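Notes to accompany the following structure.
The values are calculated or read from the model by the stated rules, or taken from the named source; none is laboratory data. Since the structure is predicted, the reported quantities are computational estimates derived from the model, not experimental observations. Heads up, the Cβs are rebuilt from the backbone with ideal geometry, glycines too, and the neighbour counts pull from every protein chain shown.
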Amino acid sequence: MKVLRAWMGDIGGRDVDVIAELGGLVPDPATKSVFRFLAMAGRSLFSRSGKNWIPGLGGRPRWFMRKQGFMVPKHSMSFLGFAERLTLTQRGSENEKEVKALLVHAFLEDLRVAYRRRGLILPRRQGWRRTAYVTVLLDNVTVANGGWELLELINTVRNKTGELDPLLVIAVSEEQSAPMGEAEPAEPGRALTALENWRRNLPSRRQRLASDARYLLLRLPEPTPADRLNDLNADDAGAWGRDHEFASRASPFLARPWVAESLVSLAVVPALVVGAVNVRDHLQAGCSPASLLSGWFSDDVLVEAYRIGEGNSQCVGYSADALQVFTSGGDEKAGEAGTRLRTLQLKIFEQNDRAGRLHELKPGRPLVGLVYFAGLTHQEADPDTDDAVAEELEGLLLRQREQNTPNRQGPLLRIVIANGAEKMVAADEVARRGLTPLLRSDPTIMGVVGFDRTVRQTRDAIGSLGAQGVIALGTTLTGERLAQSSPLYFQLVPSNAQQAILIVGYAKYLRNTKVTLYYPRFDKDDVYIETLLKELRTHLKTAGLEVREATGAMASLCGDPEDSANLKDRSDEMLFYAGREDGFGDFLTNAVRGCHTPARLPTIVADDATSRFMAQNRSRSQAGLPAVPVSYVGMGNLVVLAGKDCLEGRAGGRFPAGTPIDTFCTGMSALRGEMKGERKAPWVGERVGVAYDAAGMVIEATRSLSLNAPVHRAGVGQWFRENTFGGVTGLVDFTGSRIGDRRNIAVLRIPNIRDLDAQPVCVFLQGDLYEVGDLNEVNRRRSENGCPLAGS
């Protein structure tokens, strides 16, 4: 006890020698110093409120020291000192009656705790289910054996504390204690009357602290032999036959064992099953396990499983952190294209962290956020689509690397990546349930870029964002009427109407007389193909060209090669493919089947969606694809025409020093060197340049506006309408229209689609190149087909 008290700080430094001796130590000065330090630490740790806390005893020490009232507990400095007074060696100096009363009170307190029905928050079922008093039967109670003393102590404790307890004592005695005085016990037949009188008088008697306040005396008659039961009077005979009146009530239904557990199970188990199913779906859809708890630790990730069809769930939402990387079923399934997509997302997230750190070091540099929104996941690996998305991520990453450097002035760039699922089927859901709350809570995010493809869901998403005052920058969308969805929608590429005008101009330039429009069957929500066909039909017929249409399975352009009568020269015609990139390979294979004279084929031109196919080596080297020349519509042509020079860090002869493409090519060369994997197209993808310009325009607007006042989205949108921006893909000018119809658009040609070293060449171009003025000469150096000429 002395060692424990010393450790608790009750004895202190003066008993250090005692502790050392008990431990078998010689109390040399060093040892004394150690124990003095421990004693001081004990006093500091357990002083004041802590001195009555003993591990494992809960709140009992506090009850002994503050609530029970016997033995004057305040004469002790701590519970350990009080407990020492109760030991046999120390009890002789205490009032014996006080000690006994304390022990009785402690017993009654344990009963009170066992019967307590209210917990800290929920009811205590153990006490709730107890509906009868604890009954103690005492036989042969006398003064000599201490039985009457125990009863007197119970009465004393109850009188002094005034607390209720659930104890009923039934004692049998042949003698009467002094506290009972001359009171006469009631006869058995008067037991109920005596009980009622006792209940009525109890409040006043206990208020007077009567020594017999809680006693009810009843006389028990001698046992009656069975043969004399009939001699008893009616009251005595029936006195003990009404035991049902004293039966305790049943426990409350919810307090009974396993009832509450069963009810909770009925409520919780289905929820757990649903939760387990949701977790399973979450993981099977490609959402990372860490993203399940991301809301507890970070606001940078919000994802969920989105069911597209039977057996096809994909992870949709947004992420600005490596906790969630969007992939198409894992790297093994997605192949090199999926690995590239994953790597770029991780590099962007690293730049997000870098931007945050730099902003903390230099709060004067604004932190600007952009959401990149596209379809990043697919039921099966789709290298064409994955690479197209990866190109745009490359452009955003390049802009981040330029901005997020310690010595650069201007805003820091942070990118949030949002996934609208395969073909953007979940775009409107993600915009309403994910991006809208994010944009409300984070005013540093200036807008949303990308949008992948022109489908109904994308159009609805643009409308939802516009209703919240959020800028939408379409990087590759060309469908009509998108600007009607939102007053803050800006399109960096020309519309389908301009694409149709381009095809008419190219057909006239080639002196074609006939144009065949081929389109696969398309989904009713695919606004892009619907509006492209409408514009083509209108402009081709207006131009006086003969128009034919074909759909379904494409027939060979050469007919039956065994029938020489059908082999005719169609080189004065154009065959235009109006469809998505995933059907172009089959179209081309079927179109030239059996054709042995490529010079007799019509000029094959594909729409801008097919640029995804052209930029992917895996698509161009697939088995059965014919080695024929193919042209396609390009939207970010200047970076494509920079060719291999740009990948080596040079702008090339077409672009003299001073054009924005210089810096772009330097960064592109470094990034291409870091990206390992299969051989990629030997030119810069057009989507890299368009995404790079989209982010650059937001950065330039923010930089200009932040010189005078805090930047907000409406101000950025207004800056777009009042200023032009010289990007790597050409002049961006929204002063006259929010659609980039003045932007350059071209027909690019690959001489042999199977030649992976062949680069696209410009065969027809319309629209602006760079801003006039210092670069006016660049705009003048164009051939008759509108394509830029190489410099000397």
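One residue is enough: does region 766-773 have a residue meeting the conditions over 43 Å from the mean Cα position of the chain (by Cα) and modelled with pLDDT of 90 or more?
yes
This table checks each residue for (1) surrounded by 13 or more Cβ atoms within 10 Å (Cβ to Cβ); (2) at pLDDT below 80; (3) of a type outside the set (A, V, I, L, M); (4) under 15 Å from the mean Cα position of the chain (by Cα).
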site	(1), (2), (3), (4)
Ser262	no, yes, yes, no
Ala276	no, yes, no, no
Gly286	yes, no, yes, yes
Phe297	no, yes, yes, yes
Asp300	yes, no, yes, yes
Ile308	yes, no, no, no
Asp321	yes, no, yes, yes
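Does Ser313 count as modelled with pLDDT under 90, under 18 Å from the mean Cα position of the chain (by Cα) and not in a helix (DSSP H, G or I)?
On the way: modelled with pLDDT under 90: yes; under 18 Å from the mean Cα position of the chain (by Cα): yes; not in a helix (DSSP H, G or I): yes.
Criteria met by Ser313.
Per-residue answers, yes or no, for (1) at pLDDT 80 or above; (2) out of contact with any helix residue (DSSP H, G or I) (no Cβ under 8 Å at 6 or more places or on another chain); (3) farther than 27 Å from Asn155 by Cα; (4) not in a loop (DSSP other than H, G, I, E, B):
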position	(1), (2), (3), (4)
Ser204	yes, yes, no, yes
Ser211	no, no, no, no
Tyr215	yes, no, no, no
Glu222	no, yes, yes, no
Ala237	no, no, yes, yes
His244	no, yes, yes, yes
Ser265	no, yes, yes, yes
Ala271	no, yes, yes, yes
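Please go through region 702-730 and pick out each residue that is in a helix (DSSP H, G or I) and touching a strand residue (DSSP E or B) at 6+ places or on another chain (Cβ under 8 Å). I'd like the intermediate steps shown before the answer.
Of the residues in region 702-730, the ones in a helix (DSSP H, G or I) are 702-705, 713-722.
Answer for region 702-730, where residues must be in a helix (DSSP H, G or I) and touching a strand residue (DSSP E or B) at 6+ places or on another chain (Cβ under 8 Å): Thr702, Arg713, Val716, Gly717, Phe720.
Can you find even one residue in region 337-354 that is closer than 25 Å to Ile471 by Cα, touching a Phe, Trp or Tyr at 6+ places or on another chain (Cβ under 6 Å), modelled with pLDDT of 95 or more and part of a helix (DSSP H, G or I)?
no
Given the residues Gly544, Gly552, Gly585, which is the only one that is modelled with pLDDT of 90 or more and within 30 Å of Thr458 (Cβ to Cβ)?
On inspection, the qualifying residue turns out to be Gly585.
On the basis of being surrounded by 15 or more Cβ atoms within 10 Å (Cβ to Cβ), at pLDDT 90 or above, among the basic types (Lys, Arg) and within 26 Å of Gly649 (Cα to Cα), does Arg738 make the cut? Outline the logic, then answer.
On the way: surrounded by 15 or more Cβ atoms within 10 Å (Cβ to Cβ): yes; at pLDDT 90 or above: yes; among the basic types (Lys, Arg): yes; within 26 Å of Gly649 (Cα to Cα): no.
It is false that Arg738 is surrounded by 15 or more Cβ atoms within 10 Å (Cβ to Cβ), at pLDDT 90 or above, among the basic types (Lys, Arg) and within 26 Å of Gly649 (Cα to Cα).
Would you pick out the residues in region 393-411 that are part of a loop (DSSP other than H, G, I, E, B) and at negative phi? Walk me through it before giving the result.
Step one: of region 393-411, the residues part of a loop (DSSP other than H, G, I, E, B) are 404-411.
Once the filter is applied, which keeps residues that are part of a loop (DSSP other than H, G, I, E, B) and at negative phi, region 393-411 yields Asn404, Thr405, Pro406, Asn407, Arg408, Gln409, Pro411.
State the number of residues belonging to region 639-652 that are within 22 Å of Leu502 (Cβ to Cβ) and either modelled with pLDDT under 90 or out of contact with any helix residue (DSSP H, G or I) (no Cβ under 9 Å at 6 or more places or on another chain) (or both).
Qualifying residue count for the region: 3.
Report yes if some residue within region 376-383 is modelled with pLDDT under 95, closer than 22 Å to Met675 by Cα and either in a helix (DSSP H, G or I) or β-branched (Val, Ile, Thr) (or both); otherwise report no.
Taking every residue of region 376-383 in turn, at least one turns out to be modelled with pLDDT under 95, closer than 22 Å to Met675 by Cα and either in a helix (DSSP H, G or I) or β-branched (Val, Ile, Thr) (or both).
If you check Ala144 against the conditions, is it loosely packed, with under 15 Cβ neighbours inside 10 Å, out of contact with any strand residue (DSSP E or B) (no Cβ under 7 Å at 6 or more places or on another chain) and under 20 Å from Val104 (Cα atoms)? Working first, answer last.
Working: loosely packed, with under 15 Cβ neighbours inside 10 Å: yes; out of contact with any strand residue (DSSP E or B) (no Cβ under 7 Å at 6 or more places or on another chain): yes; under 20 Å from Val104 (Cα atoms): yes.
Considered against the rule, which asks whether it is loosely packed, with under 15 Cβ neighbours inside 10 Å, out of contact with any strand residue (DSSP E or B) (no Cβ under 7 Å at 6 or more places or on another chain) and under 20 Å from Val104 (Cα atoms), Ala144 comes out as yes.
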